[in-house]
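Enquirer: I have a structure I would like to understand better, so I am pasting it below and will then ask my questions one at a time.
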Amino acid sequence: NFLGDGRRLSARAKYSSLIAAGGVELMQPHFFAARNRLILEASHDQLDEASYTVNESRFRPRLERTIGADLTLAVAWRLAWVEASHVDAATAAELDLRPRGLVSGPALSFVYNDTDDELDPRRGSVAAAGVRYSDTFLGADFDYVGLWAEGRHYVPLPLGLVVALRAAVATTDPLGADNEVPIHERLYSGGDGSIRGFGRFRLGPRSSNDDPLGGLSRVEGSFELRRRIWRGFGGAAFVEAGDVALDPWDFRFAGIEPSAGVGLTYATPVGPLRLDVGFPFDPPPNDESW
């Protein structure tokens, strides 16, 4: 209730081997209508990946509107200064990267969620899609448009089993040369939250130094069978596949790389703790077989 009227002021900080981030956010509910909320966010992120480091300072005002109980629409404006450093020499040469510049432009998105549990769903669906745009006409140094869509569906079965399905596609069109897309907004696949049989970002094109190049098109899909075993423990078996292409609008469904694996979960008071082990059907050269 910051300054009354139900406003919320929040601060966040995060540190790990991959990201150091911090920011503040002010949320104004009932912005001109009961179902609207205005969110003002200022933040700074430092991403440390294997082949690059990116610092991004960002200001993003966002207007959200809920429709019914399950649908949320959002329109935002993103203004960000991006600077890439410690880029692997082979990656920089092959992508002809622009190391720094301003991103400026609108973003639109929607999320539909009618699942029965936010953290451990057993029935229902999630559908989300969005578009983001940056243009020199709007003061930016980068010209590109990115589109993405993802769907998840959960089906309860007899004997306490649950089928979890996921499909996702994304493409980024540089509207010119490939270096119009910041390196951390290229599309990557592999690792936690993606195709688990591959290491982080290890599914897709590589540089001559065997580092991930990312791409401009991506497809991913998974089939998972889950079951609660005993008290807070649960198990899962999954098959999933994905592909990353260097060109925009290049969805190569025939060339996807599959993997399979098993998982163990434990329900904690703040959400499920999970351990997954995945095995690619055709491990990439110089990579682990699991």
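Enquirer: How high is the relative contact order of the chain? Use alpha-carbon pairs under 8 Å, at least six apart in sequence, and give a whole percent.
Expert: Value for the chain: 10 percent.
Enquirer: With Cβ to Cβ distances under 15 Å as the rule, what net charge do the other residues near H30 carry (K, R +1; D, E -1)?
Expert: After counting each charged neighbour, the total is +3.
Enquirer: I'd like the distance between the alpha-carbon centres of the range 232-290 and the range 13-48, rounded to an integer number of Å.
Expert: So the separation of the two Cα centres works out to 29 Å.
Enquirer: Quick one: 3J(HN,Hα) in Hz for the range 196-202, Karplus 6.51/-1.76/1.60 with θ = phi - 60°, rounded, Gly and Pro as x.
Expert: 6, x, 10, x, 4, 6, 8
Enquirer: How large is the convex hull of the Cα atoms of the chain per residue, expressed in Å³ as a whole number?
Expert: Here the figure is 149 Å³ per residue.
Enquirer: Sorted from largest down, give the three principal axis spans of the alpha carbons of the range 1-139, whole angstrom values.
Expert: That gives 51, 39, 32 Å along the principal axes, largest extent first.
Enquirer: Taking the Cα centre of the chain as origin, sum charge times position over the Cβ atoms of Lys and Arg (+1) and Asp and Glu (-1), and report the length of that vector in debye to the nearest 20.
Expert: About 1380 debye.
Enquirer: Counting only helical runs of four or more DSSP H residues, what would the 222 nm mean residue ellipticity of the chain come to if each run contributes -39,500 (n - 2.57) and the total is spread over all its residues?
Expert: My calculation for the chain gives -500 deg cm²/dmol from helical runs alone.
Enquirer: Below 14 angstrom from the Cβ of G191, what's the summed charge of the other residues (Lys, Arg +1; Asp, Glu -1)?
Expert: -3
Enquirer: Another one. Under 5 Å between amide hydrogens, which residues at least 5 positions from R206 or on another chain qualify, with H placed 1.01 Å from N in the peptide plane?
Expert: Close amide H contacts, sequence-distant or interchain: L213.
Enquirer: Averaged per residue, what accessible area in Å² does the chain show with a 1.4 Å probe, protein chains only?
Expert: Ligands and nucleic acids excluded, the figure is 53 Å² per residue.
Enquirer: Still on this model: So what does log10 I(q)/I(0) come out to for the range 145-290 at q = 0.13, 0.16, 0.18 Å⁻¹, using the Debye formula with one equal point on every Cα and no solvent?
Expert: Log10 I(q)/I(0), no solvent term: -0.63, -0.89, -1.04.
Enquirer: So how compact is the range 222-279: Cα radius of gyration and Dmax in angstrom?
Expert: Spelled out, the Cα radius of gyration and Dmax of the range 222-279 are 15.4, 47 Å.
Enquirer: Out of every Cα-Cα pair in the range 165-237, what percent are more than 17 Å apart? Present the calculation step by step, with values, prior to reporting the outcome.
Expert: On the way: 1473 of 2628 pairs.
Roughly 56 percent, rounded to a whole number.
Enquirer: Tell me, what % of the accessible area of the chain is carbon and sulfur with a 1.4 angstrom probe? Don't skip to the answer; put the middle values down first.
Expert: Working: 9330 of 15390 Å².
For the chain, the apolar C and S fraction of the accessible surface comes to 61 percent.
The values are calculated or read from the model by the stated rules, or taken from the named source; none is laboratory data. As the structure is a computational prediction, the values presented were derived from the model and not from experiment. We place every Cβ from the backbone using ideal geometry, glycine too, and count neighbours over all the protein chains shown. Surface accessibility is based on the protein's heavy atoms, side chains included, excluding ligands, DNA and RNA. Shrake-Rupley method; radii C 1.70, N 1.55, O 1.52, S 1.80 Å.
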